[in-house]
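Asks: Encoded as structure tokens, here's the structure I'll be asking about.
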Amino acid sequence: MFNFLLECFDEVNIIDSLATQEIRGEEKTDIELGKSPHYWREIKNSKSSSYYYDLRKSYNNLLRKYNLDTIKLELRDLLVAKFQSLIGGSRDVE
């Protein structure tokens, strides 16, 4: 059940503050587009699921490249730690 929660959490876009002057061209446009939930909804409804998930993976890699995912990673770690403390030990959670 907790793994399902993490899968849902991984689908959420949480993006650090963006200093756009450091990012140029197509990557900047991609990051700006990806901020919108409407963009992702439109892609999900109009394209194949493999296209959607490939695009999400590419977007997450782009966020990682510019260290724009640190808040999300910290929140994810806190969720896992809280879950482990509530169940009284460590379980295999990724």
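The values are calculated or read from the model by the stated rules, or taken from the named source; none is laboratory data. Being a predicted model, the structure only gives us computed values, none of them experimental. Quick reminder, even Gly has a Cβ in these numbers, built from the backbone with ideal geometry, and neighbours come from all protein chains shown.
Asks: Among (1) at positive phi; (2) in contact (Cβ under 8 Å) with a residue 24 or more places away in the chain, there is one condition V80 misses while meeting the rest; what is its number?
Replies: Among (1) at positive phi; (2) in contact (Cβ under 8 Å) with a residue 24 or more places away in the chain, the lone unmet condition for V80 is (1).
Asks: Which ones in segment 2-16 are among the polar types (S, T, N, Q) and closer than 12 Å to K35 by Cβ?
Replies: Passing the criteria: only N13.
Asks: Please enumerate the residues belonging to segment 5-27 that are under 19 Å from T70 (Cβ atoms) and within 17 Å of the chain's Cα centre (by Cα).
Replies: Selection gives L6, F9, D10, E11, V12, N13, I14, I15, D16, S17, L18, E27.
Asks: Which condition from (1) modelled with pLDDT of 90 or more; (2) exposed (fewer than 11 other Cβ atoms within 10 Å of the Cβ) is the one that D54 breaks?
Replies: D54 satisfies every listed condition except (2).
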